[in-house]
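Participant: Dropping a structure here in structure tokens format, bear with me for questions.
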Amino acid sequence: MSTAPSAGRPGGGDAALHEVEPAILSRRPESSIEPTLDRIAALVSLLGDPHRAYPVIHITGTNGKTSMARMIDALLRERGLRTGRFTSPHLTSMRERVCIDGEPLDPGRFAALYQEVLPYIELTDERLGVPLSFFEVLTGMAFAAFADAPVDVAVVEVGLGGTWDATNVADGVVAVVGPVAIDHTRYLGDTVEEIAAEKAGIIKPGALAVLAQQSLPAAEVLLRRVAETGATVAREGIEFGAVEREIAVGGQQLTLRGLNGVYPDIFLPLFGEHQAANAACALAAAEGFAGTAEDGLVERAPLDPGLVRQAFAGLRSPGRLEVLRRSPTVIADAAHNPAGMAASVAAVTEAFSFSRIVGVLAVSADKDVAGILDELEPVLSDLVVTRNSSDRSMPAAELAELARGAFGADRVQVAARMDDAIEMAVTLADETPDPGLPGGGGVLITGSVVTAGDARQLLRPDAGTGDAPRPDAGTARHSFTAADLS
């Protein structure tokens, strides 16, 4: 029987965590993809198939996956369900990826979980001859943690693509596909159609496929997959959607049309039209899950509107247009491709009345940096380029050359370190008259999840990334270790 502390409770396991993190990080990075499910299938088989111990809501798409995962999780927990949530990448700690009841596993439990699963990881490495990757190990750990808790439902975000993603050993009763755009072309293909085909792989026979609004080429691919699998489809803008949206202090006020009813007066404490669309998809997924849980049909009764409002009103999505400080206002955002950046800059210009926005940009070298710069140029007065803490970060000098081509040399400054870049940007924003008042200056720190995480560590190191737990959230109904699953 496991005596490790439950998720979300203080465990005093920081020392143990610092021992296991390097071991996990030493494995093949998640940016190095090999299209096979053989290794993760072998691992979960040795663990006793923990991913089949609970229903799964599976989420893919180019942007918005983590926000949708947090929204779905909140809606399910508000209904009294115990949830597991697996998302990636993390902002500051890999523990964030594995959450139970909205809270990351505490350091002691995370370290203990790794030690419990390690013998099966090593056996899989030995049998297949190719070591499990960083992402495969964390996926196996998450599935085991959710079975150990146990959870009523797992909300699982795809790491990359869909068909060959390690999470795809699970069969989601609900498959959510966010907007598909060009990204990760090295692994997913050069066209929207190719990328959509990879992401469509999470749609399984008999599932409910919740599809965000898509370009026509992506929609055709996804609907073809729905037809091939016999899945049921729910499409944003047709079966569900955000029908009213107004800007509000600290977010937006929405009316959402779900699969089973209309939900007015929803306050969403997140910025941007894209987050309203994410909320509509999350609501449809939660409604659909309520119907698939027993008979595979979408139930006709709507969810309790009061619970829906409470779930959305208490939502957090760290690193997604998150205000880290005021006077001047400093915002961190994880946008890392042109489509995501377009949504973010539209949200900033809509929600904030800055007369001047100074950007801080650090991006991965393998991204469409030119496309990202093209989205930023019309809205930024100045840009400070730097690098983040990832080994994949583009060198600041190289990024500066590209930025000067888009912005002109007089609007671009370079800082070797993130803290220096933020200080430079704040100084520039402070030059705007009355920077603390509407119409003053603001700072947008963006380009990568790592960039947003670094900014949070510098400006709000104690902010945390978990959700507020439900008052009646209990401990595990019973406890057993990953070893007991085999």
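The values are calculated or read from the model by the stated rules, or taken from the named source; none is laboratory data. Quick caveat: nothing in here was measured; it's all calculated off a predicted structure. Here Cβ is always computed from backbone atoms with ideal geometry, including for glycine, and neighbour counts include all displayed protein chains.
Participant: Suppose the filter is surrounded by fewer than 22 Cβ atoms within 10 Å (Cβ to Cβ), more than 22 Å from the chain's Cα centre (by Cα) and either at pLDDT below 95 or assigned to a helix (DSSP H, G or I) (or both); does Leu113 pass it?
Facilitator: So Leu113 does not fit the description; no.
Participant: Restricting attention to segment 354-366, which residues are surrounded by 18 or more Cβ atoms within 10 Å (Cβ to Cβ) and either hydrophobic (A, V, I, L, M, F, W, C) or without any contact (Cβ under 8 Å) to a residue 40 or more places away in the chain (or both)?
Facilitator: Residues satisfying the conditions are Phe354, Ile357, Val358, Val360, Leu361, Ala362, Val363.
Participant: Given the criteria surrounded by fewer than 21 Cβ atoms within 10 Å (Cβ to Cβ) and under 19 Å from Thr66 (Cβ atoms), does Ser381 qualify?
Facilitator: Here the answer is no, as Ser381 does not meet what is asked.
Participant: OK, next. Being in contact (Cβ under 8 Å) with a residue 12 or more places away in the chain and on the phi > 0 side of the Ramachandran plot, is that true of even one residue in segment 222-235?
Facilitator: Yes - at least one qualifying residue is present in segment 222-235.
Participant: Can you name every residue in segment 121-135 that is of a type outside the set (A, V, I, L, M), surrounded by fewer than 24 Cβ atoms within 10 Å (Cβ to Cβ) and part of a helix (DSSP H, G or I)?
Facilitator: Within segment 121-135, Glu122, Asp125, Glu126, Arg127, Phe134 meet the criteria.
Participant: Give me a count of the residues in segment 321-334 that are modelled with pLDDT of 95 or more and either closer than 17 Å to Pro89 by Cβ or among the small types (Gly, Ala, Ser) (or both).
Facilitator: 4
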